[in-house]
Amino acid sequence: MVLINYKIESADWKKKFPSFKKYINKTVNETSKALKNKSNLNSSVSFLLTSDKNIKKLNYKYRKKNKPTNVLSFPMMTIYDNINLLGDIALACETLLNEASEQNISKYDYLSKMTIHGMLHLLGYDHKTSQQFKVMSRLENTIYKRVKSNK
């Protein structure tokens, strides 16, 4: 089981993604199932639901990129009090809405895709090399299909 914590830093999340918890919870749990998290421990992940302005600051502080981004992941992979603390994921409301529109995909489908992407980073996946990109992309697509088929 994955325990999910939320910090809502931008009021836009409740207005523009009123069902965010339903979609993020489902996506996190499908990602965990798909990767067959066999740990006997419960896992925990925290979400920061923020604005472009705030994610831009985080993106600059941690990645030296002075622009907003859709998702940032901060892996921890630490065991504390018998809970596997996976880490934190920050999502930017405006960027998600803009990119969903540009890609002609529903905002909740895109939220699910970016949640999967963030979770994979927490679990040690990356896309710095073409081989890593292929593996991560394949996993993202497989998990996304599972999320969509289990509505």
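Derivation of every value follows stated rules applied to the coordinates shown; laboratory data play no part. Since the structure is predicted, the reported quantities are computational estimates derived from the model, not experimental observations. Backbone-built Cβ (ideal geometry, glycine too); neighbour counts: all protein chains shown.
Can we say Ile116 is of a type in the set (A, V, I, L, M), more than 14 Å from Leu48 (Cα to Cα) and either in a strand (DSSP E or B) or touching a residue at least 24 places away in the same chain (Cβ under 8 Å) (or both)? Taking the combined requirement at face value, the residue satisfies it. The residue list Ser101, Ser44 contains one member that is in contact (Cβ under 8 Å) with a residue 12 or more places away in the chain and either polar (S, T, N, Q) or outside any helix (DSSP H, G or I) (or both), which is Ser44.
Residues in segment 93-150 that are β-branched (Val, Ile, Thr) and touching a strand residue (DSSP E or B) at 6+ places or on another chain (Cβ under 8 Å): Thr115 alone. Restricting segment 119-141 to residues that are touching a residue at least 40 places away in the same chain (Cβ under 8 Å) and surrounded by 13 or more Cβ atoms within 10 Å (Cβ to Cβ), the residue that is nearest to Lys26 (Cα to Cα) is Met119. Among the residues making up segment 51-68, those that are outside any helix (DSSP H, G or I) and touching a strand residue (DSSP E or B) at 6+ places or on another chain (Cβ under 7 Å) are Ser51, Pro68.
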